[in-house]
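For reference, the structure discussed in these notes is given below.
The values are calculated or read from the model by the stated rules, or taken from the named source; none is laboratory data. All figures in this text were calculated on a predicted structure; none of them were measured in a lab. Here the Cβ positions follow ideal geometry from the backbone for every residue, glycine too, while neighbour counts run over all protein chains shown. Accessible surface is based on the protein model in full, side chains and every heavy atom, while ligands, DNA and RNA are left aside. Shrake-Rupley method; radii C 1.70, N 1.55, O 1.52, S 1.80 Å.
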Amino acid sequence: MTAAGRDGIPFVKMHGLGNDYVFVDLLGPRRGGPEPAGELPWDPAALSREISDRHLGVGSDGLILILPGERAPFRMRMFNADGSEGEMCGNGMRCFAKYVYEQGYTDEVEFEVETGAGVVRPRVYPEEGAGGRRVQRVRVDLGRPRLTPDEVPVRVEALARWGRPADAPVVEATLEVDGREVPVTAVSLGNPHCVVFVEDAAAVDLEGLGRRLEVHPAFPQRTNVEFVQVLSPAEVAVRVWERGSGATLACGTGACAAAVAGALTGRTGRQVTVRLPGGALEVEWAADGHVYLTGPAVEVFRGVYAPR
């Protein structure tokens, strides 16, 4: 698959637990070199809005560009379905790693990828056969979670009854939403997350409360929202409202945020199975302080898209 031409944009659609993205390969013969200035013949934000439409486009939760990096062999740019650019995507990164390895762009099973959240290290697990190139499972080292209000970011003045030091982690702080108080824990895995623990994740008004929390004044860059039901110290059920995409079947960084919040509040241990509508992910907040996300990556189909 090569970069876009006059006849359309070659793409591959992939998903991690149903969290699906359209990938466009802009490496081609330039892999390993710097991103060419002015190379894109289209606006990626507008293309993401168009191609993500589930009735008039390919249908996805967003668009991911596969690019050469400057500090690493590869670079990932991710756009949500509404055209906004995200810093990082855990499910998208697993698919990204599967693609570049299976295409033969690298022979390393662990490598670095530049993102808007910094350099991330995925590790692919090739299966026997098919020349050792087939990958269905990928682990991603997302680095250390960012917990202070400045890092997430969170405007502490928008929290109710904060009363903590300005650099204290936002753990079970109170937000006022439509006259009700909602306890939230804020975590960044390179992108902002708001974790809400609930008795029954299935009963949550995901669109109503998720949408309101996404755009709450406490979150200057908006936020992803996870509603987390603790099943045991080693297992949680999560429903996700993603910033810029709405309800999705899974969110990799959201699963990690749920696990970190569970450990911070003493509800779970540091190794957790996160059950999402699309399936299960394994998350470990390891002794080195890094968060590791492991799960599947699946190619759905390839095609050529003609922008409207």
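Here are a few things to note about the model shown:
- The alpha carbons of the stretch 29-186 give a radius of gyration and a Dmax of 19.5, 59 Å, in that order.
- Toward the positive end of the charge dipole of the stretch 132-210, with +1 on the Cβ of Lys and Arg and -1 on the Cβ of Asp and Glu, the farthest Cα among ALA203, LEU142, PRO192 is that of LEU142.
- Neighbour-limited loop hits for GluC sites (Glu not before Pro), the stretch 167-241 (at most 10 other Cβ within 10 Å; DSSP other than H, G, I, E, B): GLU199
- D (Stokes-Einstein, µm²/s), Kirkwood Cα radius, the stretch 71-133, 0.890 mPa s at 25 °C: 198 µm²/s
- Unit charges on C-beta of K, R, D, E only; dipole of the chain, Debye: 260 debye
- GluC sites (Glu not before Pro) within the stretch 47-96: DSSP coil, no more than 11 neighbouring Cβ in 10 Å: GLU70
- Relative contact order for the stretch 200-308, counting Cα pairs under 8 Å that sit 6 or more residues apart, in percent: 19 percent
- Between the stretch 82-100 and the stretch 285-308, the alpha-carbon center distance in angstrom: 6 Å
- Computed accessible area, MET78, all protein chains, 1.4 angstrom probe, square angstrom: 10 Å²
- When the surface is traced with a 1.4 Å probe over the full set of protein chains, VAL291 keeps roughly 0 Å² accessible.
- For the chain: relative contact order, % (alpha-carbon pairs under 8 angstrom, 6 or more apart): 19 percent
- Its residue count N sets the reference 2.2 N^0.38 Å, and the alpha-carbon radius of gyration of the stretch 207-246 equals 1.30 times that reference.
- Reciprocal mean inverse distance between Cα atoms of the chain - Kirkwood radius, Å: 19.6 Å
- Semi-axis lengths, Å, the stretch 120-243, gyration tensor of Cα atoms, sqrt of 5 times eigenvalues: 32, 18, 13
- Computed from point charges on the beta carbon alone (+1 for Lys and Arg, -1 for Asp and Glu), the dipole magnitude for the stretch 177-239 about its Cα centre is near 240 Debye.
- Relative intensity, log₁₀ I(q)/I(0), of the stretch 247-289 from a Debye sum that treats every alpha carbon as a point, q = 0.18, 0.27, 0.30 Å⁻¹: -0.47, -0.93, -1.06
- In Å, descending, principal axis extents of the Cα set of the stretch 154-198: 30, 24, 14
- Each Lys and Arg Cβ is given +1 and each Asp and Glu Cβ -1; about its Cα centre, the stretch 55-202 then shows a dipole of about 360 debye.
- The value obtained for the stretch 191-290, namely the Cα convex hull volume divided by the number of residues, is 90 Å³ per residue.
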